[in-house]
1. Out of contact with any helix residue (DSSP H, G or I) (no Cβ under 7 Å at 6 or more places or on another chain) and open to solvent by 40 Å² or more (accessible area, probe 1.4 Å), is that true of Gln241?
2. Conditions: (1) aromatic (Phe, Trp, Tyr); (2) in contact with a Ser or Thr (Cβ under 6 Å, 6 or more places away or on another chain); (3) touching a residue at least 60 places away in the same chain (Cβ under 8 Å). Phe283 meets all but one. Number of the miss?
3. How many of the residues in the stretch 1-59 are over 21 Å from Leu95 (Cα atoms), touching a helix residue (DSSP H, G or I) at 6+ places or on another chain (Cβ under 9 Å), at pLDDT below 95 and charged (D, E, K, R)?
4. Could you name every one of the strands (runs of 3 or more DSSP E) located completely within the stretch 135-223 that has at least 2 residues being closer than 16 Å to Phe248 by Cβ, modelled with pLDDT of 95 or more and open to solvent by 60 Å² or more (accessible area, probe 1.4 Å)?
5. Tell me, yes or no, whether the stretch 43-59 has at least one residue that is out of contact with any Cys (no Cβ under 6 Å at 6 or more places or on another chain), closer than 28 Å to Arg343 by Cβ and loosely packed, with under 14 Cβ neighbours inside 10 Å.
6. Of the conditions (1) surrounded by 16 or more Cβ atoms within 10 Å (Cβ to Cβ); (2) under 30 Å from Pro120 (Cβ atoms), Glu332 fails just one. Which one is it?
7. Run Val299 past the list (1) out of contact with any Leu (no Cβ under 6 Å at 6 or more places or on another chain); (2) buried (at least 16 other Cβ atoms within 10 Å of the Cβ) and report the number of the one that doesn't hold.
8. So which helices (runs of 4 or more DSSP H) stay within the stretch 1-89 end to end and still have 1 or more residues that are without any contact (Cβ under 8 Å) to a residue 24 or more places away in the chain, within 24 Å of the chain's Cα centre (by Cα) and closer than 23 Å to Pro120 by Cα?
Amino acid sequence: MKIHPSFSIQGRTISFDDLKEVGYSLIKEGEEFEKHIGEFLLDWIDDLPTLSVKTSGSTGAPKTILLKKEQMVNSARATGNYFNLKPGATALLCLPATYIAGKMMLIRAMVLGLNIYLVPPSSYPLEGITDSFDFAAMVPLQVSNSLSKLHQIHKLIIGGAPISNSIREALKGVDNSIYETYGMTETITHIAIKPLNDKEVEDAPFTVLPNVELTTDDRGCLVINAPEISDETVVTNDVVQMLSKTKFNWLGRLDNVINSGGVKLHPEHIEKVISNYIDTPFFVAGVTDNELGQKVVLVVEDAEIKDIQKTIDGISEFKKFEKPKTILIAKEFQRTDSGKIQRSKTVQQILKP
């Protein structure tokens, strides 16, 4: 794979011939997160046309899939074009290189000629950092813990998990450009972008990147045809509202839909309402109910049930059947290695005899 002549790591120019040495050095002498980066660099320059990548396992068992390196390069170029990332621009890698999001930050740097800075993946990625960066990617938890320092990143993309209303509101006051992304491992990260703090655009839909075609199937779920990044059409379980051929609103996961008294409810919508009132980590799920088939429950992490119940009782925005019938307390949510909440596993853990 060709490496852009401007590619550098923390100011040191790295050529293709240097990558093997850098990779081995990171594996031998680096911290744990740097060892993963080193392993990825060696995989990138081997003779194989594909790369093994782990899915997160947020909606099922994690699996390993093969992605073509050529298509990963195409994805990196599409991102570079969309965000106008020029050679020499600075990027921050604060995500683990064990998953697609972290790998793609490194590939973007190599393909586009970025100067990438490496920091340990943590919930507080900008802690102790005074430098500014042109581009970075974070998950919502990192964003919520970095609000006072986000101005240090000129263009920030957020993905990997739903973004709460409280974070969305807070981002409106940040003086930079912040975007929510839509994508998955199978689409080599994002295929659509949504501005979050554009003062001229309130509650914008997702806009698809060039050379990506979208349709929906008979379930109302998004179907993605993007030959430059995937040989196969990707059929998702994401329920969407198509606004045009290039724009859509994400409604929620089909896997999570709750059928309560014959009414289909999207937990993600209910969560948006509740997130205006409580800061405690939570999610909404459906559990079996003799009368309704399924009932809505609120699952909260390590909180006092009396305080939460009082708050829920005071919310007036709920539609029919949306108000949680029960509040479940989890000492700790079940999460994937990448930090995503495993809803069904968490509920099963609480309800098991």
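1. For Gln241, the condition - out of contact with any helix residue (DSSP H, G or I) (no Cβ under 7 Å at 6 or more places or on another chain) and open to solvent by 40 Å² or more (accessible area, probe 1.4 Å) - is met.
2. Here Phe283 clears every test but (2).
3. The qualifying residues number 1.
4. Once the strands (runs of 3 or more DSSP E) in the stretch 135-223 are filtered for at least 2 residues that are closer than 16 Å to Phe248 by Cβ, modelled with pLDDT of 95 or more and open to solvent by 60 Å² or more (accessible area, probe 1.4 Å), what remains is 213-216.
5. yes
6. (1)
7. Val299 satisfies all of (1) out of contact with any Leu (no Cβ under 6 Å at 6 or more places or on another chain); (2) buried (at least 16 other Cβ atoms within 10 Å of the Cβ) except (1).
8. 32-44
The values are calculated or read from the model by the stated rules, or taken from the named source; none is laboratory data. All values reported here derive from a predicted model rather than from experimental measurement. Every residue, glycine among them, receives a Cβ derived from its backbone with ideal geometry; neighbour counts consider all protein chains shown. These area figures cover heavy atoms from the full protein model, side chains too; ligands, DNA and RNA do not enter into them. Shrake-Rupley method; radii C 1.70, N 1.55, O 1.52, S 1.80 Å.
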